[in-house]
1. For Phe161, what accessible area in Å² do you get when you roll a 1.4 Å probe over the heavy atoms of the protein chains, rounding to the nearest 10?
2. How much length is gained if the chain between Ala21 and Asp73 is pulled fully straight, taking 0.36 nm per residue apart and subtracting their Cα-Cα distance, in nm to one decimal?
3. Suppose each label sits 7 Å from its Cα in the direction of the beta carbon; what would the Ala12-Asp140 distance come out to in nanometres?
4. Restricting things to alpha carbons, find the Rg to Rh ratio for the stretch 131-187 using the Kirkwood radius for Rh.
5. Taking the Cβ-Cβ separation of Arg185 and Thr55 as r and a Förster radius of 22 Å, what is the calculated FRET efficiency to the nearest 0.05?
6. Describe numerically, in nm with one decimal, the distance between label points set 7 Å from Cα along Cα→Cβ at Ala178 and at Leu151.
7. Using only the Cα atoms, what convex hull volume per residue in Å³ does the stretch 21-71 have?
8. Using the heavy atoms of the protein chains and a 1.4 angstrom probe, tell me the accessible area per residue for the stretch 133-187 in square angstrom.
Amino acid sequence: MQDRSSALRADARRNRERIIATATEVFATDGPISLEQVAKRAGVGSATLYRHFPTREDLVEEVYRDQVRPLRDEAKRLQGELDPARALCDWMMYFAEWAAERHGVFETLVVMSASGRFGTGPVCDEVLRILAMLLESGADAGVLRSDVEPLDVSALLAGAFSVAGAPTQRVQLGRLLALVVDGLRRH
């Protein structure tokens, strides 16, 4: 016989899984909607959703947790093919394309960066690790400054995405990212 606390834990786990599955579907098809709408579609109360995901950013991070592998793979590929500064710039553009395909990522990055929470979830953590890898490679090659923190570059990315994140703004975003990389070059 299952005790009451085990049944509650199983129920909470099912609720969490339903919320994530619903949010994944909604983000892929409907784009930005409120957390209350996600809760309603998942068949749970708003309080249940907020207990698992206190902020929209927490939910977005969880939804895209398992989709970050291509970011690392692309960074490694670019490192092997391009000079470090070009690899960093091209990876940042690749990241922009990746994020644009996933509703809520740009907004989440901007909010998390502005609130000082960037780097507290699976997607942000991986972005910081990738930036660290690319920056270190550039510093080791003598091309990029060695005094730059990945968190600072992520803040610059969030700023660039907030003003030029739309697909129609890719040319402007490319110019902004080139400026970022120019600022990171060792002089």
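1. Result for Phe161: roughly 10 Å² accessible.
2. 16.2 nm is the gain from fully extending Ala21 to Asp73.
3. It is 4.3 nm.
4. We get a ratio of 1.02 for the stretch 131-187.
5. So the FRET efficiency works out to roughly 0.05.
6. Result: 3.2 nm between the two label points.
7. Dividing the Cα hull volume of the stretch 21-71 by its residues yields 75 Å³.
8. 53 Å²
The values are calculated or read from the model by the stated rules, or taken from the named source; none is laboratory data. Here the structure is a predicted model, which means the values were calculated and not measured. Cβ sites come from the backbone with ideal geometry, for glycine too, and all protein chains shown count toward neighbours. Quick note on the areas: whole protein, heavy atoms, side chains included, nothing else; ligands and nucleic acids left out. Shrake-Rupley method; radii C 1.70, N 1.55, O 1.52, S 1.80 Å.
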